[in-house]
Structures are given as structure tokens and as C-alpha cells.
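The block underneath contains the structure these notes are about, expressed in C-alpha cells.
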Amino acid sequence: MKNYDLIIIGGGPAGLAAGLYAGRARISTLIIEKQKNGGQIVITSEIENYPGCLEDETGPSLIDRMVKQTEKFGVDHVFDTVTDMDLSGKEKILHCLHEDYSAKAVIIAAGANPVQIGCPGEIELSGKGVSYCATCDAAFFEDFEVYVVGGGDAAVEEAMYLTKFARKVTIIHRRNELRAAKSIQEKAFANPKLDFMWDTVVQEIRGDGLVESMVVKNVKTGELTEIFADEDDGTFGVFVFIGFKPTTEVFRGHVGMDEKGYILTDQDMHTDVPGVFAAGDIRQKSLRQVVTACADGAIAAVQAGKYIEEM
């Protein structure tokens, strides 16, 4: 079993920021990442809203620099999957597929993933017209047409945000009425740039390098319709807001969560288990962005360092 002062679960922006702060504090640190560093950001082709990002910054380029920063300060990295754990004692034990690890403190930064439509073309055109974040990508659709999939609070609020950029926004909802709160609905119906496509689901998204058309189905009549991009535009946006799913299944029963599975923390990233912290999209919070994930990671690392010192 390999021993560290601190183990960070997740190699996205929150985990890497935590690793940077821990490494600079000379804390023996390991970052465990399941697949590839970066989390959701690695599918982002352009980044403009992270302070100080370079011109033509991409998700992979930003993450690559973050990883190199952590390595510069002695942080170890391993690709492995946490399968079980014992967080109750002073020494936290993590059981992974390939090896077991122990640490005095743990930061959970395993992230969350947007719920996908699950239709053909969605994955292939993600970051090429298909988006799951209006705050990240709205500016790329200035004066374009945009479609928003979903009918809850987040979908309607994000659709209204998108009207600040797009010339027209259409909400596609599988039911004949929105699920969003009445106060949000009233604002949406009063917005002249918002349109609605009821009783409809997206069957397929098509395009060669960019979204060019979309096939939708009326759930009541079964009728299929293909929506094409305006000839002058050549593309349109498809924003999917049908929910997020935190990557917390393996942590269930080990730390406190809300009803949706997000880990509960205080403002200093403490969970209800001493020596266990959470950072980034995996915790209950109001804004899930790279900048807030990094802030969470920095706070979690500083607090973990204090915890380790007090031990």
C-alpha cells in the first residue's frame, strides 16, 4: 500500500488546483484520475471565460498546463479507479482497481457529468454546436439560432440567458408545459426572443464538423421533422439542460450528500467526515465553472493542510 499525506480523487480543474496548492505547501500528494485529466473541460474546444486564458485556449491546452504545474511541485499522478474506501479512521484507506492507497486527508473532486440526450450525433458534435453550458459557450452563438433541450428551472433560465446572445432561442420540451417554477415561466413567456416546441424530443443531431441539422420527433403524433441551419449561418446551437449527475456513487454511505447525490460541504470544503473534503462540481453549489472549481480546490487543499498539521 502506498502512503501519502493527501490523496485527491479526480484530475479535473478542482483536483489539479488542489494538487497545485498542496504541492507548493510541500504536502506529499497523489492525484487519482479514472480516465484522463481534465474532466468535462477536455471536450471544450474554446475557452474564453477563464481569467488569464491564452488566445485560442482549449480545454486540453489549459489542463495540460495545469498538470505540468502540479508535477513541477512534486505531485504524483496515477490512473486508477476507486472501488471502495474506509474514511472513518485517522488513516484514510482507498481501494482501487490496481492498488490500495492511504492518506491522512482526502479531497473528493470527482466531478459531475451532464445528462445527455443519448441520440446519434450528440457525442460527435459535442463542442461543435452541442453544448451543456450556456455561460461557457453563449458568446460563440452571437446572432445565431439556438435550441435548448429541457423544461426545468435550469433549462429555462439558461435559455433566457442565451437570448442575450442568440437572435432566437427555442426551447424543446417533451411535455406540453414547462416544469420550471411559475415565476421563471412568466419571465420566459414574456421574452420576445424565446419560442417553444412542445411535445418534442431530439432524435438525431447531424453535421460534418459542426451542427448542420437536427431531427426532432413529436411524441404525440410520431411525426419526424428535420430542422436545418439557416443558409447564411451554416450552423446553430443545441444546448442540453436535462440535468447533471454527480460522480458520487462510490462515496455513498461514506460522506453526507443531498437528495441528488451532491456532497455537502461548508464554505471551507469540509464534509461531515473529519479529514475528508470535497471540491468542484461534485459538491452542492450554485455555479459549476472552471474558475469556481479551481477556487474550491485551492480552499480544500489549504484546509487539508491545516488538518494534517493539527494531526
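Just so it is clear, none of the values below were taken in a lab; they were calculated from the coordinates. Computed from a predicted model, the values in this text were never measured in an experiment. Glycine gets a Cβ as well: all are built from the backbone with ideal geometry, and neighbour counts include every protein chain shown.
Residue by residue through the range 212-221, what is 3J(HN,Hα) from phi via Karplus (6.51 cos²θ - 1.76 cosθ + 1.60, θ = phi - 60°)? Round to whole Hz and write x for glycine and proline.
Running phi through 6.51 cos²θ - 1.76 cosθ + 1.60 with θ = phi - 60° gives 10, 7, 8, 9, 10, 10, 7, 6, 8, 9 Hz.
Restricting attention to the alpha-carbon atoms of the chain, what are Rg (one decimal) and Dmax (integer), both in Å?
Cα-based Rg and Dmax for the chain come out at 21.2, 65 Å.
Where Rh denotes the Kirkwood radius from the mean inverse Cα pair distance, what is Rg over Rh for the range 1-130?
Values: Rg = 16.2 Å, Rh = 15.8 Å.
Rg/Rh for the range 1-130 comes to 1.03.
Tell me what the chain gives for mean residue ellipticity at 222 nm when only DSSP H runs of n ≥ 4 count, each as -39,500 (n - 2.57), the sum divided by the residue total, rounded to 500 deg cm²/dmol. Mind dumping the intermediate values first?
Values: 6 runs with 69 residues, N = 311.
Computed mean residue ellipticity for the chain: -7000 deg cm²/dmol.
Quickly work out the Glu231-to-Asn218 label distance, labels modelled 7 Å from Cα along the C-beta direction, and quote it in nm with one decimal.
According to this spin-label approximation, the distance is 2.7 nm.
Between Leu287 and Lys306, what is the label-point separation in nm under the 7 Å Cα-to-beta-carbon projection?
Label-label distance for Lys306 and Leu287, simple model: 2.3 nm.
Check each of the trypsin sites (Lys or Arg not before Pro) in the range 57-100 and keep only those in coil by DSSP with at most 12 other C-beta atoms within 10 angstrom; list them in order. Don't skip to the end; give the middle numbers.
Numbers: sites: Arg65, Lys68, Lys72, Lys90, Lys92; in loops: Lys90.
Of the trypsin sites (Lys or Arg not before Pro), the ones in loops of the range 57-100 whose Cβ has at most 12 other Cβ atoms within 10 Å are Lys90.
Hey, which lysines would be in cross-link range of Lys285, C-alpha to C-alpha under 17 Å, not counting anything within fewer than 8 residues on its own chain?
Lys285 reaches Lys245, Lys260.
Please state, as a whole number in µm²/s, the translational diffusion coefficient that the Stokes-Einstein equation yields for the range 192-244 at 25 °C and 0.890 mPa s, with Rh defined as the Kirkwood radius across alpha carbon pairs.
D, rounded to a whole number, is 198 µm²/s.
Determine which lysines satisfy two conditions relative to Lys220: a Cα distance under 25 Å, and not lying fewer than 8 residues away in the same chain.
Candidates past the 8-residue exclusion: Lys182.
Suppose we keep just the alpha-carbon trace of the range 126-189; what are its Rg and Dmax in angstrom?
Considering the range 126-189 through its Cα atoms, Rg and Dmax are 11.3, 33 Å.
If you keep only loop residues by DSSP, which trypsin sites (Lys or Arg not before Pro) in the range 1-62 have at most 14 other Cβ atoms within 10 Å of their Cβ? Could the numbers behind the result be given before it?
Values: sites: Lys2, Arg24, Arg26, Lys34, Lys36; in loops: Arg26, Lys34, Lys36.
Within the range 1-62, the qualifying trypsin sites (Lys or Arg not before Pro) (loop, at most 14 other Cβ atoms within 10 Å) are Arg26, Lys36.
Average projected area of the Cα convex hull of the range 117-161, in nm²? Present the calculation step by step, with values, prior to reporting the outcome.
Numbers: hull surface 13.5 nm².
Orientation-averaged projected area of the Cα hull: 3.4 nm².
Report the label-to-label distance for Val115 and Lys260 in nanometres (one decimal), using points 7 Å from each Cα along the Cα→Cβ vector.
Computed distance between label sites Val115 and Lys260 equals 1.0 nm.
Quick one: which residues, 5 or more positions from Phe244 or on another chain, have an amide H under 5 Å from its amide H? H modelled 1.01 Å from N in the peptide plane, none for Pro or chain starts.
Result for Phe244 returns Val115.
As a test of the definition: which semi-axes, in Å, follow for the range 202-311 when you take the square root of five times each eigenvalue of its alpha carbon gyration tensor? Largest first, please. Please report the intermediate quantities before stating the final value.
On the way: eigenvalues 376, 63, 16 Å².
Equivalent-ellipsoid dimensions as semi-axes: 43, 18, 9 Å.
Take the Cβ-Cβ distance between Gln69 and Glu249 as r, set R0 to 30 Å, and report the resulting FRET efficiency rounded to the nearest 0.05. Can you show the working numbers first?
Details: r = 30 Å, r/R0 = 1.00.
E between Gln69 and Glu249, to the nearest 0.05, is 0.50.
Loop-only trypsin sites (Lys or Arg not before Pro) in the range 235-311, please: DSSP not H, G, I, E or B, and at most 12 other Cβ atoms within 10 Å.
Values: sites: Arg252, Lys260, Arg283, Lys285, Arg288, Lys306; in loops: Lys260, Lys285, Arg288.
Here the sparse-neighbourhood loop sites are Lys260.
Where Rh is the Kirkwood radius over the Cα pairs of the range 75-194, the temperature 20 °C and the viscosity 1.002 mPa s, what D in µm²/s does Stokes-Einstein return? Mind showing how you got there, number by number?
Working: Rh = 17.8 Å.
Value of D from the Cα-based Kirkwood radius: 121 µm²/s.
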